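Working notes for the structure below.
The values are calculated or read from the model by the stated rules, or taken from the named source; none is laboratory data. Please read these numbers as outputs of a predicted model, since none were measured by experiment. Note that each Cβ is placed from the backbone with ideal geometry, even for glycine, and that neighbours are counted across all protein chains shown.
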């Protein structure tokens, strides 16, 4: 779990102020800040840094999924930077563990609703743990790709292109009834994202990743090759490899 | 009352795709998340913190609560990604959606260019049902009905529950004389029994194809639902009214038609205008002015009032609005011929025949206009191969009359006079 921020110590301490009593604590390794701070501080954010961050993010989520843990709350403020170069996934407060009852499992949206995938916002809740929880993480990874190049999460990008009458707060129908409109808006959002990326090779690779990771239909999300090889549909292994390759090419200056 | 089929943008602008409920309040969790993000933004005045805040605020519909973040982004566009700046502009000054005026149908070259672009987009978005519907419509505009049907079948598979896909598909299948497929696509939609727009479509398509509507009862129940807005029920009321009219229940029909006029759309206004000509007692003129695209009703009223030129003007707009529908073409060409403006009539009919090949009424009207304008040879060519035996009722009479006209103009008055006999003998123009 080297790409996940985990507690290095935990315990409890008695506070002699007559107010708090005993306080439980967790101590985590100290980060520089989250990705927003790094993007803001860096004089010029190198493409190589962004791609390496995405590689680390995908790796962290892959590590969690390998342990049957779904994060469910991935967003810019939950991706921490260490030593300027290493990124890790943080804050497992909304996480779900397969087969283990977790505090936020009963909620329609376990994590931050403003970054939630569209199906959850439209109250489409799949009872299958993987299709609901891991698919949500998959979407969040793709959404972070979009955030780095567009300054917006994928949900904001979709809603930007979706006619107001189809927005989730006012939609009275079901998700399957509005899905074609959401998909149409998604197509426009992906094109806008693509136009924000320079370089043909990078554009094509990231376009493919975002299209697969953020598909508005959770049943279709994920790398298509996973379905052929029999791997878990929501396995991020291929994206870990893909982002790693892109990062390496950018680091040695051969990415076009 | 069959559903209209327009481009997606126009259909949205006509408000026919909403399925509204009272806006859900922002959840306590989202409110807390926004408060956290706003605090972080105030402590870190950077583009990326502003971006995170605006992205979240936009999703829950309150970007205007954070104008300082929006202003900051707009003041520093050089440091912000273009989509972020674009969203900030949109949030700062929301733009009202406008209904475009009808325009002349694009030249075939332009439509083919758009078809090419749509197909390119579909390579990247093969599951985009809305785009398949748009592609189908463009194929219809260039007369490629087989491709249009194929595209629509894909759309119907991908968007079987989507109102716009289902109504467009039903319209196309009905146009292509496959009413059973049209009814099937409506009845299989998950919202068929509850969506007033789909209920109206089922009743109308069944009526148009002389089949019994299976959802009339569900439609009546839904029409009585007080949760439905007057606009949402306009086509449903009108469709139910038409059923009553067809059953001879004029009083009930008038009640329902009047209800449909509470908040009408163009389709229901046109239907009420038609009904008024059948049973009377339905005043609609005052209702027309605020109803967008009410060209059909306006055209018919002008015709009834003897205002030929205005009727033609509305007819042409009706045709631009519904380019592959036969009705505006037959109407406008008919009125043009009435005032002997045959050139216009011929142009309209030729175009419509490209989109509706072999239609006997269009052929008849074209032959009439050609013969009346003196182009007997062309009229003969157009009528060649038409056979009275294949027509029945008024269409047979109309065709036979036009044949007669052509015989007269061709200098064969004896044959023209004998036309009823020729009809019995199955005489055909060669």
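From (1) in contact (Cβ under 8 Å) with a residue 24 or more places away in the chain; (2) within 14 Å of chain A (Cβ to nearest Cβ), pick out the condition that doesn't hold for residue B:214.
For residue B:214, the exception is condition (2).
State yes or no: is residue B:63 facing chain A (nearest Cβ under 8 Å) and either surrounded by fewer than 15 Cβ atoms within 10 Å (Cβ to Cβ) or touching a helix residue (DSSP H, G or I) at 6+ places or on another chain (Cβ under 6 Å) (or both)?
Judged against the criteria, residue B:63 is not a match.
Please go through region A:116-133 and give me each residue that is farther than 16 Å from residue A:180 by Cα, assigned to a helix (DSSP H, G or I) and touching a helix residue (DSSP H, G or I) at 6+ places or on another chain (Cβ under 6 Å), ordered by number.
Scanning region A:116-133 gives a single hit, A:131.
Determine whether region B:111-133 contains at least one residue that is more than 30 Å from residue A:209 (Cα to Cα) and touching a helix residue (DSSP H, G or I) at 6+ places or on another chain (Cβ under 9 Å).
Yes, there is a match, as at least one residue in region B:111-133 is more than 30 Å from residue A:209 (Cα to Cα) and touching a helix residue (DSSP H, G or I) at 6+ places or on another chain (Cβ under 9 Å).
Since residue B:201 meets every condition but one in (1) surrounded by fewer than 22 Cβ atoms within 10 Å (Cβ to Cβ); (2) within 17 Å of the chain's Cα centre (by Cα); (3) in contact (Cβ under 8 Å) with a residue 60 or more places away in the chain; (4) away from chain A (no Cβ under 14 Å), which condition does it not meet?
Among (1) surrounded by fewer than 22 Cβ atoms within 10 Å (Cβ to Cβ); (2) within 17 Å of the chain's Cα centre (by Cα); (3) in contact (Cβ under 8 Å) with a residue 60 or more places away in the chain; (4) away from chain A (no Cβ under 14 Å), residue B:201 violates only (1).
If you go through region A:193-203 one residue at a time, do you hit one that is more than 30 Å from residue B:232 (Cα to Cα), assigned to a helix (DSSP H, G or I), modelled with pLDDT of 95 or more and within 8 Å of chain B (Cβ to nearest Cβ)?
yes
I'd like the full set of residues that are within 14 Å of another protein chain (Cβ to nearest Cβ) and without any contact (Cβ under 8 Å) to a residue 60 or more places away in the chain, limited to region B:163-184.
Residues satisfying the conditions are B:165, B:166, B:169.
Of the residues that sit in region A:175-190 and are facing chain B (nearest Cβ under 7 Å) and either surrounded by fewer than 23 Cβ atoms within 10 Å (Cβ to Cβ) or farther than 18 Å from residue B:197 by Cβ (or both), which one is farthest from the chain's Cα centre (by Cα)?
A:176
Somewhere in region B:41-50, is a residue facing chain A (nearest Cβ under 7 Å), without any contact (Cβ under 8 Å) to a residue 24 or more places away in the chain and within 32 Å of the chain's Cα centre (by Cα)?
No, the conditions are met nowhere in region B:41-50.
Of (1) within 30 Å of residue B:215 (Cβ to Cβ); (2) within 11 Å of another protein chain (Cβ to nearest Cβ); (3) outside any helix (DSSP H, G or I), residue B:132 satisfies all except one. Which?
(3)
Evaluate the following for residue A:30: is it under 19 Å from residue B:40 (Cα atoms) and out of contact with any helix residue (DSSP H, G or I) (no Cβ under 8 Å at 6 or more places or on another chain)?
Against the criterion (under 19 Å from residue B:40 (Cα atoms) and out of contact with any helix residue (DSSP H, G or I) (no Cβ under 8 Å at 6 or more places or on another chain)), residue A:30 qualifies.
Looking only at region A:149-174, filter to residues that are within 24 Å of residue A:199 (Cα to Cα) and outside any loop (DSSP other than H, G, I, E, B); which one of those is nearest to the other protein chains (Cβ to nearest Cβ)?
A:150
Hey, can you tell me all the residues within region B:17-31 that are more than 7 Å from chain A (Cβ to nearest Cβ) and within 36 Å of the chain's Cα centre (by Cα)?
B:22, B:25
Residue-wise test of (1) closer than 26 Å to residue B:354 by Cβ; (2) touching a residue at least 40 places away in the same chain (Cβ under 8 Å); (3) buried (at least 21 other Cβ atoms within 10 Å of the Cβ).
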site: B:292; (1), (2), (3): no, yes, no
site: B:304; (1), (2), (3): no, no, no
site: B:312; (1), (2), (3): yes, no, yes
site: B:328; (1), (2), (3): yes, no, yes
site: B:333; (1), (2), (3): yes, no, yes
site: B:340; (1), (2), (3): yes, no, no
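Among the residues of region B:110-118, is any modelled with pLDDT of 95 or more, surrounded by fewer than 17 Cβ atoms within 10 Å (Cβ to Cβ) and within 11 Å of chain A (Cβ to nearest Cβ)?
No, every residue in region B:110-118 fails to be modelled with pLDDT of 95 or more, surrounded by fewer than 17 Cβ atoms within 10 Å (Cβ to Cβ) and within 11 Å of chain A (Cβ to nearest Cβ).
Anything in region A:104-136 that is more than 20 Å from residue A:65 (Cα to Cα), touching a residue at least 12 places away in the same chain (Cβ under 8 Å) and surrounded by 15 or more Cβ atoms within 10 Å (Cβ to Cβ)? List them, or say none.
Scanning region A:104-136 gives A:114, A:118, A:119, A:121, A:122, A:124.
Give me the strands (runs of 3 or more DSSP E) completely within region A:1-103, filtered to those with at least 3 residues that are surrounded by 15 or more Cβ atoms within 10 Å (Cβ to Cβ) and under 19 Å from the mean Cα position of the chain (by Cα), ordered by residue number.
A:79-82, A:86-89
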